[in-house]
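Just passing along the structure, written as structure tokens.
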Amino acid sequence: MSEEKIEEKIGDRYSRQLLFAEIGAEGQRKLAAARVAIVGCGATGSALASLLARSGVGRLRIIDRDYVELTNLQRQSLFDEDDARESAPKAIAAARAIARFNSAIAVEPQVADLIPANADSLLSGCDLILDGTDNFETRYLVNDYAVKNSVAWIYAAAVASYAVTMNILPGETACLACIFPQSPRGTVQTCETAGILNSAVNLVASIAATEALKFLVGARAKMRRTLLSWDVWSNERAELAAIHPREGCRACAGDFIHLAGEGRPHITLCGRNSVQIHERERPVDFAELSVRLQPHGNVRHNQFVLKFWREPYEMTLFPDGRAIIKGTTDTAVARSLYARFVGS
Ligand SMILES: [Zn+2]
């Protein structure tokens with residue numbers, strides 16, 4: 001296709017956005033040249049990815065450790081019932097969904113849990129990082145990486161009817177650790193107890209995606225310099241100034257304890273009655289393992305996951321050896337199940 005033809009097609013697809021003067025043709029070209037990482041592709045990540053992909057951000061790296069389940073479909077807008085039936089990894093399902101509405105952009109799906117050991121390889125080369133995670137541990141890791149490497153990132157979270165977001169421009173604004181030196185976990189509800197409204201998710205994703213567009217087209221001065229919270233049910237809104245780094249902030253002073261951490265050998269997953277077993281790379285041959293597991297329970301696999309049911313547990317295994325074990329929050333139980341059926 002000639003250069004002209006491509007320009008013409010871009011003009012068609014993005015015509016309504018090109019008419020928005022703050023973006024225009026020059027902004028659209030900047031979006032097409034950008035690469036954005038989205039860490040976590042659940043509810044918020046789905047909405048962020050959808051908005052940015054439709055806006056024409058040229059490359060999206062979607063990082064997610066999980067697979068699609070029926071309970072996700074209430075709010076995780078990139079997925080459908082087929083994805084849930086095949087337990088498709090969310091990163092893969094997201095890439096497939098995006099290809100159906102914008103095949104012109106490149107999606108780089110990464111089925112992985114972001115941990116200190118892989119942060120460099122998963123996040124390098126991105127102009128901006130967006131938060132679609134559901135936990136502060138990962139957010140502190142992203143914050144460390146972003147501050148250390150001077151990469152902008154946008155914190156975004158939603159729980160119940162409450163949405164909260166902040167832009168972090170390292171060296172310029174406050175970082176996440178400036179505002180929350182310690183995880184607010186314990187003082188705020190988690191998805192386990194509070195449930196979540198899909199509208200709170202879409203609100204926070206809309207705000208964060210707009211801030212992302214500003215950043216990518218070079219309209220930094222238009223970006224919000226506050227921690228913004230918004231309860232869509234009570235209509236309470238608050239903004240906390242985040243203009244400058246906080247004096248004494250560990251991350252801003254160059255002490256990256258989360259990036260230096262050992263990672264998480266196995267963890268309990270939010271609201272899921274599940275434990276993740278985080279192996280070092282242990283490539284698994286699904287066909288061979290299926291045969292081995294057959295006498296011990298029900299087993300099924302496709303190219304992305306192997307599922308093994310043994311009452312009262314359900315194990316989902318990824319090709320790199322990582323597993324999510326459902327039916328327990330006891331890491332010792334999950335660990336021994338894994339050791340017995342996959343390997344120790
Ligand atoms: Zn800081």
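The values are calculated or read from the model by the stated rules, or taken from the named source; none is laboratory data. This structure is a prediction, so every number in the text was calculated from the model and none was measured. Neighbour counts are summed over all protein chains in view; Cβ atoms, including those assigned to glycine, are modelled from backbone coordinates with ideal geometry.
Of 144, 113, which residue is over 26 Å from residue 23 (Cβ atoms) and touching a Leu at 6+ places or on another chain (Cβ under 8 Å)?
144
Run residue 229 past the list (1) within 25 Å of the chain's Cα centre (by Cα); (2) within 29 Å of residue 82 (Cβ to Cβ) and report the number of the one that doesn't hold.
Answer for residue 229: the failing condition is (2).
With respect to residue 110, determine if the residue is more than 30 Å from residue 283 (Cα to Cα) and not β-branched (Val, Ile, Thr).
Numbers: more than 30 Å from residue 283 (Cα to Cα): no; not β-branched (Val, Ile, Thr): yes.
Spelling it out, it is not the case that residue 110 is more than 30 Å from residue 283 (Cα to Cα) and not β-branched (Val, Ile, Thr).
Among the residues of the stretch 334-344, is there at least one that is out of contact with any helix residue (DSSP H, G or I) (no Cβ under 9 Å at 6 or more places or on another chain) and under 21 Å from residue 183 (Cβ atoms)?
no
Let me ask something additional. Just checking, which of 147, 142 is closer than 17 Å to residue 44 by Cα, within 16 Å of the ligand (Cβ to nearest atom), buried (at least 23 other Cβ atoms within 10 Å of the Cβ) and of a type in the set (A, V, I, L, M)? Before you say what the answer is, go through the steps one by one.
On the way: 147 fails: closer than 17 Å to residue 44 by Cα.
Checking each option against the conditions leaves just 142.
Taking the condition β-branched (Val, Ile, Thr), within 27 Å of residue 304 (Cβ to Cβ), modelled with pLDDT of 95 or more and within 16 Å of the ligand (Cβ to nearest atom), does residue 179 pass? Steps first, please.
Working: β-branched (Val, Ile, Thr): yes; within 27 Å of residue 304 (Cβ to Cβ): no; modelled with pLDDT of 95 or more: yes; within 16 Å of the ligand (Cβ to nearest atom): yes.
For residue 179, the condition - β-branched (Val, Ile, Thr), within 27 Å of residue 304 (Cβ to Cβ), modelled with pLDDT of 95 or more and within 16 Å of the ligand (Cβ to nearest atom) - is not met.
Taking the stretch 211-251, which residues are acidic (Asp, Glu), surrounded by fewer than 19 Cβ atoms within 10 Å (Cβ to Cβ) and closer than 28 Å to residue 20 by Cα? Give the steps one after another, and end with the answer.
Our first condition is that a residue be acidic (Asp, Glu); within the stretch 211-251, this holds for 211, 231, 236, 239, 247.
After this cut, where a residue has to be surrounded by fewer than 19 Cβ atoms within 10 Å (Cβ to Cβ) as well, the list is 231, 236, 239, 247.
Within the stretch 211-251, just 239 meets the criteria.
Taking the stretch 136-161, which residues are part of a strand (DSSP E or B) and at negative phi?
Residues satisfying the conditions are 152, 153, 154, 155, 156, 157, 158, 159.
So which of 205, 163, 146 ends up being of a type outside the set (D, E, K, R), touching an Asp or Glu at 6+ places or on another chain (Cβ under 8 Å) and touching a residue at least 12 places away in the same chain (Cβ under 8 Å)?
Numbers: 205 fails: touching an Asp or Glu at 6+ places or on another chain (Cβ under 8 Å); 146 fails: touching an Asp or Glu at 6+ places or on another chain (Cβ under 8 Å).
The conditions single out 163.
Cβ-Cβ below 7 Å, separation at least six or inter-chain, first residue in the stretch 189-200 and modelled with pLDDT of 60 or more, second β-branched (Val, Ile, Thr) and surrounded by 17 or more Cβ atoms within 10 Å (Cβ to Cβ): which pairs?
Hits for this filter: 194/159; 196/159; 197/232; 199/232; 200/232.
Taking the stretch 59-117 as the search range and keeping residues that are of a type in the set (Gly, Ala, Ser) and part of a helix (DSSP H, G or I), which one is modelled with the lowest pLDDT?
Filtering first and then ranking leaves 117.
Specify the residue that is surrounded by the most Cβ atoms within 10 Å (Cβ to Cβ); the eligible residues are those in the stretch 150-176 that are within 13 Å of the ligand (Cβ to nearest atom) and closer than 22 Å to residue 111 by Cα.
Only one residue tops the list, namely 153.
Go through the stretch 26-62 and give me each residue that's in contact with a strand residue (DSSP E or B) (Cβ under 9 Å, 6 or more places away or on another chain) and among the basic types (Lys, Arg).
35, 59, 61
If you check every pair at least six apart or on different chains, which have Cβ atoms under 7 Å apart with a residue in the stretch 237-256 that is closer than 18 Å to residue 183 by Cα first and a residue that is more than 10 Å from the ligand (Cβ to nearest atom) and among the polar types (S, T, N, Q) second?
Sorted first by the residue in the stretch 237-256, then by its partner, the pairs are 240/226; 242/226.
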